[in-house]
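The values are calculated or read from the model by the stated rules, or taken from the named source; none is laboratory data. Just so you know, these numbers come straight off a predicted model, no measurement behind them. With ideal geometry, Cβ positions are generated from the backbone for all residues, glycine too; neighbour counts draw on all protein chains shown. Ligands, DNA and RNA are stripped out before the accessible areas are found, and what is left, the full protein with its side chains, is counted by its heavy atoms. Shrake-Rupley method; radii C 1.70, N 1.55, O 1.52, S 1.80 Å.
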Number of protein chains: 2
Amino acid sequence: MNETELWRELGQQLRVDSVRSAAVTKSGHPTSSMSAADLMAVLLAKYLRYDFDAPENPRNDHLVFSKGHASPLLYSMYRAAGAITDEELLSFRTFGSRFQGHPTPAIPWVDVATGSLGQGLPFGVGIALAGKKLDRLPYRIWVLCGDSEIAEGSMWEAFEHASFYGLDNLTAIIDVNRLGQRGQTMHGWDLDSYADRAKAFGWHAIEIDGHDVEAIDAAYTEAISTSGGPTVIVAKTIKGKGVKEVENKEGWHGKALDDPEHAIEELGGIRNIVVDVAKPEGDAEPHRFETGPLELPTWELGEEVATRRAYGDALAALGSGRGDVVALDGEVSNSTYAEIFRDAHPDRYFEMYIAEQQMLAAAVGIQVRTWVPFASTFAAFFSRAYDFIRMAAISQANIRLCGSHAGVSIGEDGPSQMALEDLAMMRAVHGSTVLYPSDANQTAKLVEQMADREGIVFLRTTRGATPVVYGADEDFPIGGSRVLREGDDIAIVAAGITLHESLQAAEQLEQEGISARVIDLYSVKPVDGETLRAAAEATGGRILTVEDHWPEGGIGDAVLEALSDGEAPVRVVRLAVREMPGSGKPAELLAAAGIDAEHIAEAARALVGAPVGAR
Amino acid sequence: MNETELWRELGQQLRVDSVRSAAVTKSGHPTSSMSAADLMAVLLAKYLRYDFDAPENPRNDHLVFSKGHASPLLYSMYRAAGAITDEELLSFRTFGSRFQGHPTPAIPWVDVATGSLGQGLPFGVGIALAGKKLDRLPYRIWVLCGDSEIAEGSMWEAFEHASFYGLDNLTAIIDVNRLGQRGQTMHGWDLDSYADRAKAFGWHAIEIDGHDVEAIDAAYTEAISTSGGPTVIVAKTIKGKGVKEVENKEGWHGKALDDPEHAIEELGGIRNIVVDVAKPEGDAEPHRFETGPLELPTWELGEEVATRRAYGDALAALGSGRGDVVALDGEVSNSTYAEIFRDAHPDRYFEMYIAEQQMLAAAVGIQVRTWVPFASTFAAFFSRAYDFIRMAAISQANIRLCGSHAGVSIGEDGPSQMALEDLAMMRAVHGSTVLYPSDANQTAKLVEQMADREGIVFLRTTRGATPVVYGADEDFPIGGSRVLREGDDIAIVAAGITLHESLQAAEQLEQEGISARVIDLYSVKPVDGETLRAAAEATGGRILTVEDHWPEGGIGDAVLEALSDGEAPVRVVRLAVREMPGSGKPAELLAAAGIDAEHIAEAARALVGAPVGAR
């Protein structure tokens, strides 16, 4: 069998195996796999450099299925590479199998979870940035895209950034099979429409027949020999190619074939080709950045410092002590103070402009290669990338996010710039950590811990300067809290800006003979249930929570969850932002929202006077 | 003064007033306003058709500041139009003023809140769709865009959809002042980079000097005489134009000028030009769709129907009874069943392809013109548009969202397709309504109510078929709940898929002598606190919540909030999805997550046996 015959046969094998795997549970996307089978056959047989026995090999190429629903094709490639058995392939979509409906890193050869369309290419941009700017290794990133997903704006963020950063180690392959889930795409088989857009965005574009293996071969050769920027291969394909019943027909998206036996026969039967996938050459090691000792910045008690500023200082210091730390920011580094890191470590800083989805995806891509990314923007604007954060959790990614400008306390800019749902959003991410420091020294200690924390770690910072209340030598373990003031009449639980308001309120209350315990809930998730339960016991069940956030999903809810054990009656009064704020001075807005010292004291008085468990 | 002199003078007045308004609180974005002043002067004086005395006039043009931070310019235009006094202008950014840091519909001439960049153009696409396809009136939509925000993918979703739908009533004006918040944009003053991209996306593009009023005039004339598609005017401008201290300089984004008096002098002093803004011509009324009586679909008790299917049937029926109802879907209408509406009312259905941000923005834009949009996709994919949902609340928009495929019960597709954070995300939206029906008749009744509900209304539907448990004549008011089974040993609170599991569990428990009350919490927000408190009282404080959702921010937290009054000890055990799911059959995944009937019964037994308030 010559090379082109092998490619054709391998393409058919991938189709047959896609049909077979989807037949097991009668679910999955065989037709979307069949359109791209020839594209992947040539890639696997000739271009991919990958050691399936050593997925951690830093020199491996990276293959991302942006069209994650074509998972039968991907898994069939694993079988063709000799990486999995036929039995494993046929566990597709069954309970407990790592070969799920969409690829996840439960499979060692998968870098990132896909299945929410429009994310694989942005992830690929992140890995390509790591290859070019951090690892400085010649591995390539191949991303198989669907044509439907090109409608996602995140794809154009990826096109823009890949060309801006000159990522010639990145090749996107668009499988233009014309048909989306419910019908034809906007552009059908108009290959030019894709190629013209990509070219305008600075990419090299090649249009081919995606079932002509020689044309595919030539396109890959052209792609890897193009330097200075990324290449996109726009391939005209046929959905369900090879099986008349489903070829180029609507109504067959995400469906197993009715008669798989017949389809397999039509495709020429089961094949058992095993391709010797080329391993990456050489033994070059990833670039490492030289560093000195880690010396966190410190601040004097009483100094007025914004926690966002402390974030920037601490991150820069962390970068000086650890060469694996990387920072990204969404064009607001002078507000988040990521600019301090940028100026100290320009080689490890990525300006992502106003493209929060691509920023998140870049962080995910960069951590694939074991780097330790911190990404920052206004906390409100992480809502722009929530789907990417959700998917990052499925990707088992370790990323650190810092959101500044939390809550109404930002002042004049108004509600569009105020994060008031970020705690809710971040708490509802699987395995996430949510931190909300109230002073500069605490911020620095938390930033240091973030670097080694697994999963999605979010730090919420405050715009305005607040007094330093903790000494520089104090520790703040994640999952802990701090009792800043003892008291047994009532416990006030707060974090960030409202902690300072609560401390003032407690002062006031003390003068009135009310002793208020003040708890700094700097770790909102995981939450320190023990301290909260002790506070409930000590105060006869009187707990006041105060947060610069909507009432749902934040500190109040975290406290309620911790106190839901029914050991004793607990009355939790939750002060939070309940009306849409406008512009104004921070103090005016905190007062209007009912979360300043005066309102806290007032609510505390009422709660102390109220019966708990009186019925 | 001839026309061009007037335009130049007006441009200077807008600059002066931008400087003056930002000087009041020493905050705001005067330099970003000054770059676009000439562009807006010509628009206001010659092209805009707007009746400031009648903002509800359906024939009015729509002016959207996508670069919402240029609010001083917008408000200065209001003064120049004679719509507000100088005193009102100078209330900018002060507490209680409607002239906030970024525009919101607290101002009657503002359609949509902006300030999260990259949203104004997508909103404009929505209004333009309403103009062309629904109202069928010749009003125009003018959108002032910043150059920095072009990096947002959502802008390219807007470019794509505007050209696909042939929106020649839409003109985008890009104020290419070269400087973003923290430095130069990706493309600086390379006007071609913007124009080429826009052209590739099918737009007519015009490049001009944005301070040459005659060129601006010519460009607008060209824009309004271009038919068949949208036009973009790419204007080279200078940030801070007219004041040497800040002109084209970095470090002046979002800052009031140091010496406003001097700047005003440099700009030629305060002017008091009042422009007679042209009112829209004629008295054409918006198109109205003819309809018949509203007859909701009904189902028989015990029938097996998916709530997503009931959504589609009910929405189509609603559309038959109400001509103002419009539907949009993100390329999954055969999954969400929005296709039933599409087939019944093709003129009022918009296919938004896989572009959830543009879908949300289109819904917001369409409701600006009093239409009643329902937008649907998989519930998980609304996370893609969370920033748009957040901003829609600030826009005081009335939009209805339906998210299908909730939770692990979807089965084989795996976690990327499972909404497990949607309740948390949607509850944490100001003024939102969150509904989660468990049967078809209930779904239909809720869909009907959604049409008249204000704010952001979210309906969560289930993929699999579930038995009809309610008669077709029952009512389900928003804010209510239903006790489906009486019992005093424990109360099980559930909704959607877990309600059915809970009913089965209660059956089982009854045979063991445990009487379980089952509460259908179909209205997750607002929540029926009264019924929950009564259940706590009746059961000695034993409440079990069960949800196909992460533990944070969903049904469990809603219940905890309602029971936090401390009247009596309450033990709330929250069953939820706590480990990352994979693929499998729905029943397998519900069992693995510990939220099927068996696990519910087990948890109920343990809770009934546990002491509450025992300390």
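Seen from every direction in turn and averaged, the convex hull around the alpha carbons of chain A projects onto 29.5 nm².
The contact residues of segment A:392-436, meaning those that lose at least 40 Å² of 1.4 Å-probe accessible area when all protein chains sit together rather than their chain alone, are A:394, A:412, A:413, A:415, A:416, A:421, A:428, A:430.
Within 10 Å of each Cβ of A:145-151, how many other protein chain Cβ atoms are there on average?
4
Using only C-alpha positions, report the orientation-averaged shadow area of the convex hull of segment A:308-372, nm², one decimal. The orientation-averaged projected area of the Cα hull of segment A:308-372 comes to 3.9 nm². Database remark: amide H of residue A:241 closer than 5 angstrom to the amide H of A:35, A:248 (H placed geometrically; neighbours at sequence offset of 5 or more, or on other chains; Pro and chain starts carry no H).
Give me a single rounded figure for B:586-592: the average over its residues of other chain Cβ atoms within 10 Å of their Cβ. Write out the running numbers ahead of the final one.
Values: counts 0, 1, 3, 1, 0, 1, 2.
For this peptide, the per-residue mean of nearby foreign Cβ atoms is 1.
Helix B:71-80 axis versus longest C-alpha principal axis of chain B: approximately 60°, rounded to the nearest ten.
When the pairs A:132/A:199; A:279/B:199; A:249/B:585; B:67/B:279 are compared against a 32 Å limit on Cα-Cα distance, A:279/B:199 fall above it. Compute the angle between helix B:597-609 and the longest alpha-carbon principal axis of chain B, please, reported from 0 to 90 degrees and rounded to the nearest 10. The helix B:597-609 is inclined about 70 degrees to chain B. With the label put 7 angstrom out from Cα along the Cα-to-Cβ vector, residue A:504 ends up 5.6 nm from the copy partners, going from closest to farthest. On the accessible surface of the protein assembly as shown, probed at 1.4 Å, how many percent belong to carbon and sulfur atoms? Roughly 45 percent, rounded to a whole number. Restricting the GluC sites (Glu not before Pro) of segment A:36-109 to loop positions (DSSP other than H, G, I, E, B) with no more than 11 neighbouring Cβ atoms within 10 Å leaves A:56. Neighbours of residue B:515 by Cβ distance under 12 Å: Lys/Arg scored +1, Asp/Glu scored -1, total -3.
In segment B:153-176, burial by the other protein chains removes 30 Å² or more of 1.4 Å probe accessible surface, compared with the chain on its own, from B:153, B:156, B:157, B:160, B:164. Probing with 1.4 Å while keeping every protein chain in the model, the per residue accessible area of the protein assembly as shown equals 29 Å².
Loop-only trypsin sites (Lys or Arg not before Pro) in segment B:29-95, please: DSSP not H, G, I, E or B, and at most 15 other Cβ atoms within 10 Å. Intermediate values should be presented prior to the final figure.
On the way: sites: B:46, B:49, B:59, B:67, B:79, B:93; in loops: B:49, B:59, B:67, B:93.
Here no loop site has a sparse enough neighbourhood.
For residue A:350, nonlocal amide neighbours, meaning residues 5 or more places apart or on other chains whose placed amide H falls under 5 Å from its own, are A:327, A:328, A:329. Copy-to-copy label distances for residue A:247, where each label lies 7 Å from Cα along Cα-to-Cβ, are 6.8 nm in order of increasing length.
Which translational diffusion coefficient, to the nearest whole µm²/s, is obtained for segment A:141-197 from the Stokes-Einstein equation, given a Kirkwood hydrodynamic radius over C-alpha pairs, 4 °C and 1.567 mPa s? Write out the running numbers ahead of the final one.
Values: Rh = 12.1 Å.
Roughly 107 µm²/s, to the nearest whole number.
The aspartates and glutamates whose alpha-carbon is closer than 12 Å to the alpha-carbon of residue B:445, local same-chain residues fewer than 8 away aside, are B:295, B:313, B:473, B:474, B:475.
The largest-to-smallest principal axis extents of the Cα set in segment A:436-519 are 45, 25, 24 Å. If you sort A:294, A:44 by accessible surface, 1.4 Å probe, largest first, the order is A:294, A:44. Look at the Cα gyration tensor of segment B:157-243: its axes a ≥ b ≥ c give a/c of at least 1.5 with a/b at or below b/c, and that counts as oblate. Working note: Karplus 6.51/-1.76/1.60 with θ = phi - 60° gives segment B:350-367 the couplings 10, 7, 9, 6, 8, 8, 5, 5, 5, 4, 4, 5, 5, 4, 5, x, 5, 6 Hz, where Gly and Pro are set to x. Across segment A:60-124 the C-alpha pair distances fall into 5 Å bins from zero in the proportions 4, 20, 30, 27, 14, 6, 1 percent. Summary value for chain A: 12 percent relative contact order, contacts being C-alpha pairs under 8 angstrom separated by 6+ residues. For segment B:232-339, taking the reciprocal of the average inverse distance between every pair of different Cα atoms yields a Kirkwood hydrodynamic radius of 20.9 Å. Label zone (residue B:347, point 7 Å along Cα-to-C-beta; backbone nitrogen cut-off 17 Å) within segment B:127-141: B:129-138. Here the 3J(HN,Hα) profile of segment A:16-30, calculated from phi with Karplus coefficients 6.51, -1.76 and 1.60 at θ = phi - 60°, is 4, 5, 5, 5, 5, 5, 5, 6, 4, 9, 6, 8, x, 10, x Hz, Gly and Pro shown as x.
May I ask you to order B:534-546, B:465-477, B:594-606 by the average number of other C-beta atoms within 10 Å around their residues, highest value first? Display every interim value, and only then the final one.
Numbers: B:534-546: 23.5, B:465-477: 15.9, B:594-606: 20.8.
Result, highest mean Cβ count within 10 Å first: B:534-546, B:594-606, B:465-477.
The phi torsions of segment B:132-143, fed into the Karplus equation with coefficients 6.51, -1.76 and 1.60 and a -60° offset, translate into couplings of 7, 9, 10, 4, 6, 10, x, 4, 10, 10, 10, 10 Hz, rounded to whole numbers, with Gly and Pro shown as x. Each Lys or Arg adds one and each Asp or Glu subtracts one; over the other residues with Cβ under 10 Å from the Cβ of residue B:340, this totals -1. Sorting B:211, A:262, B:161 by accessible area puts them as A:262, B:211, B:161; the probe is 1.4 Å, largest comes first, and only protein heavy atoms count.
Could you calculate the FRET efficiency of residue B:304 with residue A:1 from 1/(1 + (r/R0)^6), where r is the beta carbon distance between them and R0 is 60 Å, rounded to 0.05?
On the way: r = 52 Å, r/R0 = 0.87.
E between residue B:304 and residue A:1, to the nearest 0.05, is 0.70.
Classify the protein assembly as shown: rounded, prolate or oblate, from the alpha-carbon gyration tensor (a ≥ b ≥ c, eigenvalue square roots; a/c under 1.5 rounded; otherwise prolate if a/b is larger than b/c)? It is rounded, given that a/c, with a ≥ b ≥ c, falls under 1.5. By a 1.4 Å probe calculation restricted to protein chains, residue B:530 has an accessible surface near 140 Å², given to the nearest 10.
For chains A and B, what's the summed buried accessible area, probe 1.4 Å, to the nearest 100 square angstrom? Please report the intermediate quantities before stating the final value.
Numbers: alone 22310 and 22320 Å², together 35770 Å².
Rounded to the nearest hundred, the buried surface is 8900 Å².
Shape class for segment B:48-176, computed from the alpha carbon gyration tensor (a ≥ b ≥ c): oblate, with a/c not under 1.5 and a/b at or below b/c. A cut-off of 5 Å between modelled amide H atoms, ignoring neighbours fewer than 5 places along the same chain, links residue A:211 with no other residue.
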